[in-house]
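Take a look at the structure set out below.
Taken together, the values in this text are just the output of simple stated rules run on the coordinates, not laboratory data. On a predicted model such as this, the values are computed, not experimentally measured, just so you know. Neighbour counts are summed over all protein chains in view; Cβ atoms, including those assigned to glycine, are modelled from backbone coordinates with ideal geometry.
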Amino acid sequence: MNYLLSGSRAAASSPPAAPPAAPHSPGTPWKNRKYSLGVQGLHEEIMDFYDFMSPRPEEAAMRKEVVKRIETVIKDLWPTADVQIFGSFSTGLYLPTSDIDLVVFGKWERPPLQMLEQALRKHNVAEPYSIKVLDKATVPIIKLTDQETEVKVDISFNVETGVKAARFIKEYMKKYSLLPYLILVLKQFLLQRDLNEVFTGGISSYSLILMAISFLQLHPRIDARRADENLGMLLIEFFELYGRNFNYLKTGIRIKNGGAYIAKEEIMKAMTNGYRPSMLCIEDPLLPGNDVGRSSYGAMQVKQVFDYAYIVLSHAVSPLARSYPNRDSESTLGRIIKVTQEVIDYRAWIKKKWGSKVNLSPDLDNRMKIREQIAPCNGEQQQNRDSESPYNQHLTLSLTSNQQLSSGSSASSVSSLSGSDIQHNGMKFSMKGAHNHNQGNGYNPVSGGGMRQPVGNRGHHQYNRNIWRRKKHRENLPISLSR
């Protein structure tokens, strides 16, 4: 769901006796302390961001109430039907304004979309004009917005793949404890650029998660199963890989059997006749022959904004950035993502209304335990690891291993950051002087010349067209800002 410019979660492993920072600037409510220099500070900020935006117990309680309302209507129609949750609400990887995915299992020759639509209208569960029946879609669904909470819900029938995918993702979250931190930052990054859904020209959450899993599987330098890797380094390297190194033309992503990059021709052998691998080709680990990225027609736009984020963050953690007069007050992560006041107000309203109804769910309890395992990523051990790929020399993600690349892939270019210049597609941008990152208009001046953000970034303060509206019958519901 995409009606607010929301934020991702944040986690923080507090470095010893960090002095308090000045009050956070608008758009970066997770920043409440002074961070270390360079990429270590970005690691700490990602942790804080994750902690701030992680689903809270009252938000889970609210969503369960929404599910219960819809399930009551479904059970009234078909008492033996089975309603299951999948997607981000099931995995816990949801932003405050994400939608809820439900699937109904029962015995029907055809999905009874219209029958359920009429029942939902009759019981006033949804806002009247929000219910839509998409019966011509690849997977027929009912879309609606809950009347009381404005949470969006997608309902499908007898589709097992979503439930299996959620189970698959949970397994990898156990294997890679850092995965949720990367995913929520990346989800927020794409959300505020309208690139988080296929129909807006972006990529699906499932595609994004599989890309992150592949990145961690095939990372040539780190053991992604460790909980003390540097999240700042990993985030920048993710942007580097999919923003500039990965060969989208020739290479597909495989997750199963430990992961691999394979030639698209190899993937095509398992596909149904008439289908060809897409630009963003991701082999479905649960359904051989299915290309998860086949509907992502805007994949190159996503690539472009990933490249932009790589350049901005690489610059922000470079030694040169330490000399800026506003270094202590400016957020490194805030250069690429923001959280609006609307989201903060919406969460406060949820806490006021559902805070007394919460019970700590097993999933949330498990995520808190995982959070405690994430090491501060500092000290002698981290310094030794950082020396293998020191950021004050250059950032490198080399993918030339024969085990990782098929003959069809050429994702091995190396980007470097040294001195006051960065290399971008063969052009050099001078980075002398203070970085004046203009968040509002989507323009990023770099020294005298300047580099425009890719088209995909529609501005950090842009509101989605389905903006959260004030409801008169809601007590103290925050008023949304005008566009």
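Before moving on, here are some points about what is shown:
- Residue among Pro285, Gln341, Tyr297 farthest towards the positive dipole end of region 253-350, charges placed on Cβ: Pro285
- Kirkwood analysis of region 157-272, using all unique Cα-Cα pairs, places the hydrodynamic radius at 15.4 Å.
- Separation of the Val139 and Asp51 label points, Cα + 7 Å toward Cβ, nm: 3.5
- Size of electric dipole in region 116-272: Cβ of Lys, Arg +1 and of Asp, Glu -1, about Cα centre, debye, nearest 20: 480
- Straight-line reach from Lys353: taking Cα to Cα under 23 Å and skipping same-chain neighbours fewer than 8 places apart, the lysines in range are Lys64, Lys68, Lys152, Lys471, Lys472.
- Gain in span if fully extended, Arg226 to Tyr297, counting 0.36 nm per residue against the direct Cα distance: 22.1 nm
- Region 26-138: C-alpha gyration tensor shape, a/c 1.5 cut-off, then a/b vs b/c: prolate
- J(HN,Hα) series, region 158-174, from Karplus relation 6.51 cos²θ - 1.76 cosθ + 1.60, nearest Hz, glycine and proline x: 6, 10, 7, 4, x, 5, 5, 5, 4, 5, 4, 5, 4, 4, 6, 5, 6
- Region 75-231 shape via C-alpha gyration tensor axes, a/c threshold 1.5: prolate
- Computed from phi, the 3J(HN,Hα) profile of region 193-206 under the Karplus parametrisation 6.51, -1.76, 1.60 (θ = phi - 60°) reads 10, 6, 10, 9, 9, 4, 6, 9, x, x, 10, 6, 4, 5 Hz, with x in place of Gly and Pro.
- Set of lysines with alpha-carbon distance to Lys175 below 16 Å, sequence-local pairs under 8 removed: Lys256, Lys369
- Distance between the 7 Å Cα→Cβ label points at Lys132 and Lys34: 5.0 nm.
- Here the simple spin-label model places points 7 Å from the Cα toward Cβ, and for Lys351 and Asp82 these points are separated by 3.9 nm.
- Peptides 30-37, 88-95, 136-143, 157-164 ranked from most to least packed by the mean count of surrounding Cβ atoms within 10 Å: 88-95, 30-37, 157-164, 136-143.
- Cα gyration tensor category, rounded, prolate or oblate, for region 100-160 with a/c compared to 1.5: prolate
- For Gln118 and Arg322, a Förster radius of 60 Å and the Cβ-Cβ distance give a FRET efficiency of 0.45, rounded to the nearest 0.05.
- Length available on full extension from Glu171 to Glu266: 0.36 nm per residue minus the Cα-Cα distance, which gives 31.5 nm.
- Exceeding the 18 Å Cα-Cα cut-off - candidates Lys187/Lys338; Lys132/Lys187; Lys187/Lys351; Lys187/Lys303: Lys132/Lys187; Lys187/Lys351
- Here the Karplus curve 6.51 cos²θ - 1.76 cosθ + 1.60, taken at θ = phi - 60°, turns the phi angles of region 85-98 into couplings of 8, 9, x, 5, 5, 6, 7, x, 8, 10, 7, x, 10, 5 Hz, with x standing for Gly and Pro.
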